Structures are given as C-alpha cells and as structure tokens.
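K.L.:
If you scroll down you'll find the structure; I have some questions about it.
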Amino acid sequence: MGLLVRIAPDGGPSIVYWGKSLGSLSEKAARVLVLADPFTPSPSGDEPRARVAIVPEHHFGWTGQPGLTGSRDGRAWSPKFECISAFYNGEPTSGYVEAGAGTIVFEGADVEIGLSLRVEVELLDSGLIRARSTVGNLDEEPYSLDGLFVTFPVPVEALELMDFTGRWGRERSPQRAPFSIGTHSRDARGGRPGHDSAFLLHAGTPDFGFGRGDVFAVHVAWSGNQRIYAEKMSWGAAVLGGGELLLPGEIRLGKNEEYASPWVYASYGLGLDGVAQRFHKHQRSRERRVNSNRPVTLNTWEAVYFDHNRETLFSLAEKAALVGVERFVLDDGWFGGRRDAQAGLGDWTVSTEVWPEGLHPLVDQVKALGMEFGLWVEPEMVNPDSDLAREHPEWVMSARTEWPSAARWQQVLDLTIEGAYEHVRGQLFDLLDEYDISYLKWDHNRELLEAGSQLKLGSPAVHGQTLAFYRLLDELRAKYPALEIETCASGGGRVDLGVLEHTDRVWVSDNSDPVDRQHMLRWAGQLVPPEYLGSHIAAARSHTTSRTHDLSFRAGTAIFGHLGVEWDLTQATESELTDLSEWIRFFKAERELLLGGNVVRMDHVQEGQYVYGVINNDASRGIFAIVDTMSVESKPGPRLRLRGLDPNRDYRICPLRIGRAPERFTPPSWFGEVSDTGWHGIVLPGPAIENVGVERPDLRPEQLILLIAEAM
Ligand code: DGJ
C-alpha cells in the first residue's frame, strides 16, 4: 500500500496519493503526483490553485463540502490552520511524507479565529489507512461546531460508486451509481448506522468486480449519526469523505474543550476482494479479537419467542447439546414484566413469574450439558410500561415536552444522565455477578428520533449517547474480561468498526432464510470477517419469508460465518437432528479455515449464482461453495473457475457430501467416484482451475454444493 501525505507550512495536511505502492520517491517526484488538487496550475506555476486537505479549507480554494463547519455566532467560520508541528512516527517532518506503516500527527492552529486542529493519519499493518481530526476552542467565547469531516482523494478514473442500502430482514443491498460531478451523500440520522447503512462507500474503475478494477473505499467507524459522501468537482478533484453527523447545537466547545471526529477508514484494493481483505486483516490484527475457534451457538428466539416454558427450554438445551452446540443463549422474555414486547425494558432483574428460582436451574442445566450460557439484553431502551419509566420519566430521551413516537412500544433511555447510566450498569453487573454468563446478545430495537436530553431542555444528545454506549460496553468488558458481546439492532442495524472495537460478534439479520443470507453474508463480509458474522441454521420453513429449504442449503450457507442454530430442535425429526449433527461436526473440524481463511468471491457467474470460498494463508487448502439461489437463465452457463489458489501448484478438487446430497442432483463426470464423505474429484494445476475451470455442477434453484481444494 502506498500513502503520500503533504504537510504544508500553511493549511492542514493533505493525502495526495493512496493506492498501489509507488516505489521510493524524491520530493520533486512527489510534488507531481498530487491526486486531488486541480490540474490547472496557479500563475506562479509551482503550486496547484486549490488544495484538497484532509480537512478541506475554503481558504485554499476548496468549494466543495468544507472539512470543518461551525461558527461563533456567525463569525469565525472559515479557518486557515497554520502548521505548528508535524511528526511521522514521533520524528518531526514536513513537505511530502511517503508513509510506511505508522502515524502522522499534525498540530495546527488558526490564531485569528481561535481554533486548534489536530489531524492524525495512520497507515496500518493491514494496509488500511485511517484518519481523524480533533478541533479545539482556544477562545473564551464558545464555538458551535456543526461538522468535522475528513476526506481521501480518488483518481478521476474512478467513475463508478458503490455503497449499500437495505431494510429490516434484508440488510446490505449494494447499489451502484455513476460518480458524476456533484455530491453523493448518505446520512444516518437514527442514532445508529441503520439497516440501510451506506456501510462502505466505494469508488472504482468502470465495472469493477470482486477480482477486477481499482477500488477505493471509505467507512466511518462510528455507531451514531453519520455522513459518508463522494464528491466530484467540475475541475477534476474527487474525494471520498465522512464523519459524524452533528445535530443543531449538539457540540458547543467551551474554552480549551475539544471534539474528536470518529476514525474514517480507507481501503484500496484490486477489486472488492482486495478492499475486503484489508478490512479483515485489520479486524484480525486487533488486540482484543476473536479467533476462528468460535463456539457453535443456539439462540432461543425463533424456538420459543416470549414463551419461557421451563420444560421446553430444558429439552431444547438437551437437544442442542446432543447435536454439538457449545453455547446456549436465552433471548428476550426472561426479565421484569416482559411477557411480550410491550413491557419490561429497563427492569433488568429476572422475572420471578417465569423463573421463580431465578435463572439458576436453566444455567445449571446448560452448564451440566457442557455448554456456555448467554443472555439477551437491550440496555439502552425502556418500555413506558416498566418500573423504570414510571419512576424516572425524565430519563426518556426527548427533544420536546411530548415524548417521541414509540417504536416497538419502546423509548430510548438517556444514558448521558449519570443516574440512568448507573441504573443500567448496576443491574447488568448484578446479573453478571450472580450468573455464569459468558455472552450477551446486546439488542437495540428502535431508531433514535428526537433524541434530546430532558435534563438539558431537550438539546440533542446522540453524540453523548453513543459515547455512553461505548463506555458501558468497555466497563463491562473491563470487569468481565472473558465476556463476549454481540451487537444486534433488530438484526444488522448497528454494524460498524466503531462498535466492533467494543463487541465480538455481529447479528447479521433477523432473516435466516438461506437465499437472503447468501446475499447478506456476502455483503456484510465486505467489511467484517466471517468469524464475527452470526450465522444461524433456522427451521426448514423460514419464519421471516415463509420459504422452505433443505437442510443442506441452510447449513451449507450458514457455515461461512460464526455458526449457530435458531430453530426449535424439540420439533425437529430424528433424521434432521442426525444431519444437523453432521454439519456441526464438519463446521467444528473446518472452522479454522472457514472462519480464519482469506475470503474470495468469483465474478464469472450468472444472476442468482454465487461461487465463493475461503483459502488458508499458504494457499494449500480452500473450501468453496457453488450456489444457485434461483432458476438461472442459461445452462450449463459459465464454467466453474476458482481464483486465489497458488498458480505454481496442482490441486485436487473434491466435492463434499455432508448429510443428504441436494435432491435429484446429478454430478458431472469430473466428480468421479463417490464415497460417504463426497466425491473423489479431479487434480488440476492452479492456473487451469482459475483460467479454464471445470463444468459447473447442475444445481436446482436454492441448492448448493461445497468443494474442498487441496494442494498436492
Ligand atoms: C430483535 C433481534 O434481532 C432478535 O433476534 C431478537 O433478539 C428480538 N429482537 C428479541 O426481542
């Protein structure tokens, strides 16, 4: 990865180039490589006319979205930051810095308007770049900050944009648009990135795919309101940028107070796979991270919903242990007056109505069966019908005297109020002290609307709420270091690299229908590596879509994430339980590769078809899935070609058989002899597999087949 940063004596720093490595550069050479500044030179000829800084300044001719917006009552709105100091890996620096892995810190000030600016840019070992900025008020008079964004320039050849949208039950739908002049801006104003989150904004060369094209992408690592945008000027400059979206009056800086923007991450890669692999490497290199040894989980939601019948849950736990489940998670319905979704949120004590002896009998049973115990919570929320709301109506977030409209019969608890924060923290600590809980499924089932703080006359408090949420997660993790936390927001409504600094798993979606899951796992994986993606095998008939699928399709889809079960196993047939055990055995035997390998997704498919896989670091083994999610247009269609293997090795490709084979499946002749575990397959050189491939197995709609490729 190459990164070139310009530190000018006047004005903030600019990223002038990022992308493929450039080799080593002289200062003179570096000066001609400036990406985003306009091509029209100034009259003096040696300096571009306008500058695109990381925090772009109007003063230097940038007429696009300013990096910093704000004022002192209408004054002091156009900053010009002079450099006070700049360090690269602790050493003073200036001019053009060709950064290897390390950190550049720029400190500047605009004495005239009384603001300071710190800009940090890091090139991480993963090859990701991240940048953030911090503005400080040096004056007595308060400064109202309206926005602070950071930008990354992209070359004008990046003519196509791709980001995401979605909805509950169908998160992460990619959408493409031409990168034309003007601004493509995506705002999240619901207090979380949302089901329709832009997630990652890519700009790439035309028709970029998984393995083709130069692709640049940015992501805002923040779990509250945010903006991410792509902007192209008529004079040729183009940037990707983003930051927190601040509400009116939300940040007012007193003297010497500072505001720090979230980190904005940038990844360059050959194709979408190149971009994703850097994000995966980053997530895998963090200090507190999960490894691929993820326990197979059973979550009770779709099995029992709010019906917490002791006998049913006990036999569910028995069946779970029988098929090989390693963690049993009790979902919503165990606390306060929570017999349905209309009451109880906020009262985090075990309901004696449903659990007269507390959760001890269930926890003991789960532990005795050799599984870990996990529990569902939704700590940032409160039902008006709860002891908490009755006692402290002033703790409900609200911008007006009237509360915001309810959603799922709930309101948001104002965690910026210390009493509210302590109430929730205290109740969570008590639970974790009393029970052996190794996992919390942390839910967040409504957007923040009109999220003001009543104790501050309704002033916006989304920024403070987001920080309080992070703080609460951190306090829990500090006190219970072995505790894992899953981020869930009615499925995947809060998935970003900010929340993933404080949590260990993502609930991808409430929809476990494998057709939709094929799609959602693929695209959630553009940012998040498979070991973080909660991926469950549900009942044959999907509770969300009412479609029915074979177990081989449901399980073969789910194993490419952190595997779980979301199914009332007390109702499963003996043969379903046998097949399920076989899939779980396979997952356990291969989870190191399935969850720790490098993800590759193939381009040569028809609409509705998928081919993807995971390959280990030395490319000696890979597992691939061949999927038809619908009735495809032409058969046999494109040949099966696999990318990512070593061109200097031969591989045996063996199709696998786990549980029952897909119905009425006729294997092509290259599958060879069949055994109990699969077919004998064929040996081919790596380049032949990639460039010519083999005949694609003829699948019916909503079926898949797995292959294992092993170097000889
Ligand atoms: C929404 C979650 O996404 C579901 O999995 C489940 O936990 C329910 N909330 C419980 O209320």
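The values are calculated or read from the model by the stated rules, or taken from the named source; none is laboratory data. This structure is a prediction, so every number in the text was calculated from the model and none was measured. Cβ sites come from the backbone with ideal geometry, for glycine too, and all protein chains shown count toward neighbours. What goes into the accessible areas is simple: the full protein's heavy atoms, side chains included, and nothing from ligands, DNA or RNA. Shrake-Rupley method; radii C 1.70, N 1.55, O 1.52, S 1.80 Å.
K.L.:
Considering only region 495-511, state which residues are crowded, with 20+ Cβ neighbours inside 10 Å and within 21 Å of residue 427 (Cβ to Cβ).
P.N.:
503
K.L.:
Going through region 667-703 one residue at a time, which ones are touching a residue at least 40 places away in the same chain (Cβ under 8 Å), under 16 Å from residue 622 (Cβ atoms) and outside any loop (DSSP other than H, G, I, E, B)?
P.N.:
Answer for region 667-703, where residues must be touching a residue at least 40 places away in the same chain (Cβ under 8 Å), under 16 Å from residue 622 (Cβ atoms) and outside any loop (DSSP other than H, G, I, E, B): 686, 687, 689, 690, 694.
K.L.:
Could I ask something else about it? If I filter region 271-305 down to residues being closer than 23 Å to residue 499 by Cα and polar (S, T, N, Q), which single residue comes out as nearest to the ligand (Cβ to nearest atom)?
P.N.:
Per the criteria, the residue is 299.
K.L.:
If you take the residues of region 382-399 that are buried (at least 20 other Cβ atoms within 10 Å of the Cβ) and not in a loop (DSSP other than H, G, I, E, B), which of them is farthest from the ligand (Cβ to nearest atom)?
P.N.:
Residue satisfying both the conditions and the ranking: 395.
K.L.:
Here is a follow-up. Quick one: would you say residue 681 is surrounded by fewer than 20 Cβ atoms within 10 Å (Cβ to Cβ) and of a type in the set (Gly, Ala, Ser)?
P.N.:
Criteria not met by residue 681.
K.L.:
Also, I was wondering about something else. What are the residues in region 405-427 that are assigned to a loop (DSSP other than H, G, I, E, B) and away from the ligand (no atom under 16 Å from the Cβ), if any?
P.N.:
Selection gives 405, 414, 415, 416, 417.
K.L.:
Follow-up question, since we're still on this one. What are the residues in region 467-493 that are hydroxyl-bearing (Ser, Thr, Tyr) and open to solvent by less than 10 Å² (accessible area, probe 1.4 Å), if any?
P.N.:
Passing the criteria: only 487.
K.L.:
Among the residues of region 564-583, which ones are away from the ligand (no atom under 16 Å from the Cβ) and not in a helix (DSSP H, G or I)?
P.N.:
Scanning region 564-583 gives 572, 573.
K.L.:
Now, a different point. Looking at 190, 249, can you tell me which residue is out of contact with any Phe, Trp or Tyr (no Cβ under 9 Å at 6 or more places or on another chain), in contact (Cβ under 8 Å) with a residue 24 or more places away in the chain and either open to solvent by 10 Å² or more (accessible area, probe 1.4 Å) or among the charged types (D, E, K, R) (or both)?
P.N.:
Just one listed residue meets the conditions, 249.
K.L.:
So which pairs qualify, if the first residue must be in region 564-589 and open to solvent by less than 20 Å² (accessible area, probe 1.4 Å), the second must be assigned to a helix (DSSP H, G or I) and within 16 Å of the ligand (Cβ to nearest atom), the Cβ gap must be under 8 Å, and the two must be at least 6 apart or on different chains?
P.N.:
As it stands, the answer is 564/558; 566/301; 566/302; 566/303; 567/302; 567/303; 569/303; 569/316, since those pairs meet every condition given.
K.L.:
Could you check region 429-440 and list, in sequence order, the residues that are more than 18 Å from residue 349 (Cβ to Cβ) and either charged (D, E, K, R) or more than 16 Å from the ligand (Cβ to nearest atom) (or both)?
P.N.:
Residue satisfying the conditions is 438 alone.
K.L.:
Determine, yes or no, whether residue 296 is modelled with pLDDT under 95 and not small (Gly, Ala, Ser).
P.N.:
no
K.L.:
Taking region 111-122, which residues are open to solvent by 10 Å² or more (accessible area, probe 1.4 Å) and either part of a strand (DSSP E or B) or within 15 Å of residue 6 (Cβ to Cβ) (or both)?
P.N.:
Result: 116, 118, 120, 122.
K.L.:
Search region 66-79 for residues being open to solvent by 60 Å² or more (accessible area, probe 1.4 Å) and not in a strand (DSSP E or B), and hand back the single one that is nearest to residue 240 (Cα to Cα).
P.N.:
77
K.L.:
Then there is this: Within the group 172, 189, which residue is in contact with a Gly (Cβ under 8 Å, 6 or more places away or on another chain) and basic (Lys, Arg)?
P.N.:
Answer to the selection: 172.
K.L.:
All but one of (1) charged (D, E, K, R); (2) within 16 Å of residue 224 (Cβ to Cβ); (3) open to solvent by 60 Å² or more (accessible area, probe 1.4 Å); (4) part of a loop (DSSP other than H, G, I, E, B) hold for residue 402; which doesn't?
P.N.:
In the conditions (1) charged (D, E, K, R); (2) within 16 Å of residue 224 (Cβ to Cβ); (3) open to solvent by 60 Å² or more (accessible area, probe 1.4 Å); (4) part of a loop (DSSP other than H, G, I, E, B), residue 402 misses (2) alone.
K.L.:
Which residue out of 155, 174, 178 is open to solvent by 60 Å² or more (accessible area, probe 1.4 Å) and out of contact with any Cys (no Cβ under 9 Å at 6 or more places or on another chain)?
P.N.:
178
K.L.:
Any residue in region 328-341 that is touching a residue at least 60 places away in the same chain (Cβ under 8 Å) sitting within a Cβ distance under 7 Å of a residue that is more than 10 Å from the ligand (Cβ to nearest atom) and open to solvent by 10 Å² or more (accessible area, probe 1.4 Å)? List the pairs, counting only those 6 or more apart or interchain.
P.N.:
341/409
K.L.:
Scanning region 318-337 for residues that are within 15 Å of the ligand (Cβ to nearest atom) and over 30 Å from the mean Cα position of the chain (by Cα), which turns out surrounded by the most Cβ atoms within 10 Å (Cβ to Cβ)?
P.N.:
336
K.L.:
Within region 446-461, which residues are open to solvent by less than 20 Å² (accessible area, probe 1.4 Å) and within 16 Å of the ligand (Cβ to nearest atom)?
P.N.:
Answer for region 446-461, where residues must be open to solvent by less than 20 Å² (accessible area, probe 1.4 Å) and within 16 Å of the ligand (Cβ to nearest atom): just 446.
K.L.:
Also, quick follow-up: Restricted to region 407-430, and to residues that are hydrophobic (A, V, I, L, M, F, W, C) and surrounded by fewer than 19 Cβ atoms within 10 Å (Cβ to Cβ), which residue is nearest to residue 335 (Cα to Cα)?
P.N.:
Looking at residues that are hydrophobic (A, V, I, L, M, F, W, C) and surrounded by fewer than 19 Cβ atoms within 10 Å (Cβ to Cβ), I get 429.
K.L.:
Limited to region 645-666, what total is found for residues that are open to solvent by 60 Å² or more (accessible area, probe 1.4 Å) and part of a loop (DSSP other than H, G, I, E, B)?
P.N.:
The total comes to 8.
K.L.:
So, one more: Within region 431-445, restricting attention to residues that are of a type in the set (Asp, Glu) and closer than 19 Å to residue 486 by Cβ, which residue is surrounded by the fewest Cβ atoms within 10 Å (Cβ to Cβ)?
P.N.:
The residue in question is 436.
K.L.:
A further question follows. Across region 352-361, which residue is surrounded by the most Cβ atoms within 10 Å (Cβ to Cβ) among those that are in contact (Cβ under 8 Å) with a residue 24 or more places away in the chain and in a loop (DSSP other than H, G, I, E, B)?
P.N.:
Checked region 352-361; the qualifying residue surrounded by the most Cβ atoms within 10 Å (Cβ to Cβ) is 359.
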